[in-house]
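Engineer: Next up is a structure, given as structure tokens.
The values are calculated or read from the model by the stated rules, or taken from the named source; none is laboratory data. The model shown is predicted, which means the values in this text are computed figures rather than measured ones. Virtual Cβ from ideal backbone geometry, glycine too; neighbours counted across all protein chains shown.
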Amino acid sequence: MGGKLVFGVTVGVAVAACVVATVVVGRRVKSRSKWKRVVGVLEELEATCDTPVRRLRQVVDAMAVEMHAGLASEGGSKLKMLLTYVDNLPNGSEKGTFYALDLGGTNFRVLRVHLGGQRSLTLKHDVERQPIPQNLMTGTREGLFDFIASSLKEFVEKTDDPDELAPRRKELGFTFSFPVKQTSASSGVLIKWTKGFSIEDMVGRDAAESLQQAIDKIGLDMRVSVLINDTVGTLAVGHYQDPDTVAAVIIGTGTNACYVERTDAIIKCQGLCTTSGSMVINMEWGNFWSSHLPRTTYDIDLDADSPNPSDQGFEKMISGMYLGDIVRRVILRISQESDVFGPASTRLSMPFKLRTPMMAAMHEDSSLELTEVARIFEDILEITDIPLKVRKLVVKICDIVTRRAARLAAAGIVGILKKIGRDGTSGIAGGRSRADVKLRRTVVAIEGGLYTSYTIFREYLHEALVEILGEDIAPHVILKPTEDGSGIGAALLAASYSSYDTDANLL
Ligand code: ADP
Ligand code: MG
């Protein structure tokens, strides 16, 4: 009896063990096939984001072609190629004290820059930053500009030198980073508001004139001498510090570029725009598009969900506003196809929940256990306990998305160089590389939070630039980080366009 019982128990245990084993094996098979699916999503992402140098060169060519088209006629390309009327960049000889006002987001800044007439690589300046009250962002033109002018007056009174002999009319450069149709270097009308502003009676009005009226009204003796966009400010700072600077690129929340173009190549202005040989063109390159851009389903969905579908296609693949969201979309898809991220997280479905600085922090996590990835998943997405191999997968996704962005930005830069004959080939119709082309030192000023703060992005961009240009040409092209072009650059341009200084430096 006892023996029988023992036998029975043994059989029972054996059967149970058998059942457990079947379940475990079944789960393993299932999880293996799920993991295979996860790997499949990753491989597909990697393949569609691929940017071999051959493809980058197609993007370079497309950029140069679109630049031509945008210069040929108004609306000739998705690249607006806006005229800035800036034909006079600071060269280091400027003297005096100049002011700048930088309005382009939720804050505005007032700056005062003192120039000693000798090029200085570090530009000393006073600066004051102020938030714009929410009600003024959607109020009236007068309300906004009166508020700005009174802050400006306060700043001037605070920083003014009371001992100055014979004070003269002060000059100010105005950086207004909204789409503007310029009519001269110091005037231009607002085409439309972006970034949460909506002041109806301002659309179609001149931004510089609006500011000037408010300044006059408050009794400040100051002239708005230039109206620029932030890329032009970056170019001005770059050119002030290094006269070989021919273009400027910003890669921050958004992305844009400007460069110095020969007047005779600007067909759409029919020789009427400027008497000097060149003019700075604001490309608005965020809106560039080409069928050669490697587009994924995630890009298509992001675009469709955005408030500006079919707009800013290049920007949506490159800039800080979007990279984190592309990564979030890939993770979401994987979480829908498998359970590697555990139970569904509502946070993961929220657009822009994963910001690019967080993505960068995960990408640059150098700890063995990828603890930063785990922390960000917990804090931001409320996803806990993801295994190491899944954390590695997340890092890989960040890498693919950033690498594509950086390499496309590099191709864009080379596109500009190609357009102006500084890429070592002989222009649009030319071959890849010609030994007889004289290589001139060429500097591109670059700034923006994505470029300056995301090291891997920056490294990928530099690597691609060398790949596209080739080892012989690349050393002649210098990317120069430039600080605070949108502020200081406007003050420098106010100096170049000063009514007191006739020592002009026409391009
Ligand atoms: P803006 O473009 O708004 O004028 P910035 O040039 O300072 O301002 O860029 C800010 C943007 O740069 C942020 O919106 C973000 O997308 C990106 N960024 C900032 N810091 C980092 C970081 N550490 N890693 C990656 N991206 C960053
Ligand atoms: Mg900026």
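Engineer: Looking at Ala257, Ala236, Ala247, can you tell me which residue is touching a Gly at 6+ places or on another chain (Cβ under 9 Å) and within 15 Å of ligand 1 (Cβ to nearest atom)? Steps first, answer last, please.
Structural biologist: Numbers: Ala236 fails: within 15 Å of ligand 1 (Cβ to nearest atom); Ala247 fails: within 15 Å of ligand 1 (Cβ to nearest atom).
Testing whether each residue is touching a Gly at 6+ places or on another chain (Cβ under 9 Å) and within 15 Å of ligand 1 (Cβ to nearest atom) leaves just Ala257.
Engineer: Please verify whether region 346-369 includes one or more residues that are among the β-branched types (Val, Ile, Thr), under 23 Å from Asp299 (Cα atoms) and surrounded by fewer than 24 Cβ atoms within 10 Å (Cβ to Cβ).
Structural biologist: There is at least one residue in region 346-369 that is among the β-branched types (Val, Ile, Thr), under 23 Å from Asp299 (Cα atoms) and surrounded by fewer than 24 Cβ atoms within 10 Å (Cβ to Cβ).
Engineer: Take region 436-471 and flag every residue that is assigned to a loop (DSSP other than H, G, I, E, B), within 27 Å of Asp365 (Cα to Cα) and of a type in the set (Val, Ile, Thr).
Structural biologist: Our first condition is that a residue be assigned to a loop (DSSP other than H, G, I, E, B); within region 436-471, this holds for 436-441, 448, 454, 470-471.
The next check asks that each one be within 27 Å of Asp365 (Cα to Cα); those that pass are 448, 454.
Result: no residue meets the conditions.
Engineer: Another question about this same structure. When both residues are 6+ apart or on different chains and their Cβ atoms are under 8 Å apart, which pairs have a first residue that lies in region 354-371 and is closer than 15 Å to Leu450 by Cβ and small (Gly, Ala, Ser), and a second that is more than 8 Å from ligand 1 (Cβ to nearest atom) and modelled with pLDDT of 95 or more?
Structural biologist: The qualifying pairs are Ala360/Cys398; Ala360/Thr402; Ala360/Ile456; Ala361/Glu372; Ala361/Ile376.
Engineer: Taking strands (runs of 3 or more DSSP E) that do not extend beyond region 71-171, which have at least 2 residues that are aromatic (Phe, Trp, Tyr)? Walk me through it before giving the result.
Structural biologist: Working: elements: 95-103, 107-116, 125-131.
Where strands (runs of 3 or more DSSP E) fall fully within region 71-171 and carry at least 2 residues being aromatic (Phe, Trp, Tyr), they are 95-103.
Engineer: Just to verify a result, which residue in region 256-282, among those that are out of contact with any Phe, Trp or Tyr (no Cβ under 7 Å at 6 or more places or on another chain) and within 16 Å of ligand 2 (Cβ to nearest atom), is nearest to Arg458 (Cα to Cα)?
Structural biologist: Cys258
Engineer: I need the full set of residues from region 215-245 which are touching a Lys or Arg at 6+ places or on another chain (Cβ under 7 Å), surrounded by 24 or more Cβ atoms within 10 Å (Cβ to Cβ) and of a type outside the set (Ser, Thr, Tyr), in order please.
Structural biologist: Answer for region 215-245, where residues must be touching a Lys or Arg at 6+ places or on another chain (Cβ under 7 Å), surrounded by 24 or more Cβ atoms within 10 Å (Cβ to Cβ) and of a type outside the set (Ser, Thr, Tyr): just Gly238.
Conditions tested, residue by residue: (1) under 15 Å from Leu393 (Cα atoms); (2) within 16 Å of ligand 1 (Cβ to nearest atom); (3) under 28 Å from the mean Cα position of the chain (by Cα).
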{"residue": "Gln336", "(1), (2), (3)": "no, no, no"}
{"residue": "Val340", "(1), (2), (3)": "yes, no, no"}
{"residue": "Thr346", "(1), (2), (3)": "no, no, no"}
{"residue": "Met362", "(1), (2), (3)": "yes, yes, yes"}
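This table checks each residue for (1) more than 24 Å from Gln182 (Cα to Cα); (2) not charged (D, E, K, R).
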| site | (1), (2) |
| --- | --- |
| Tyr240 | no, yes |
| Val246 | no, yes |
| Val249 | no, yes |
| Thr255 | no, yes |
| Cys258 | no, yes |
| Ile266 | no, yes |
| Trp285 | no, yes |
| Asp311 | no, no |
| Met321 | yes, yes |
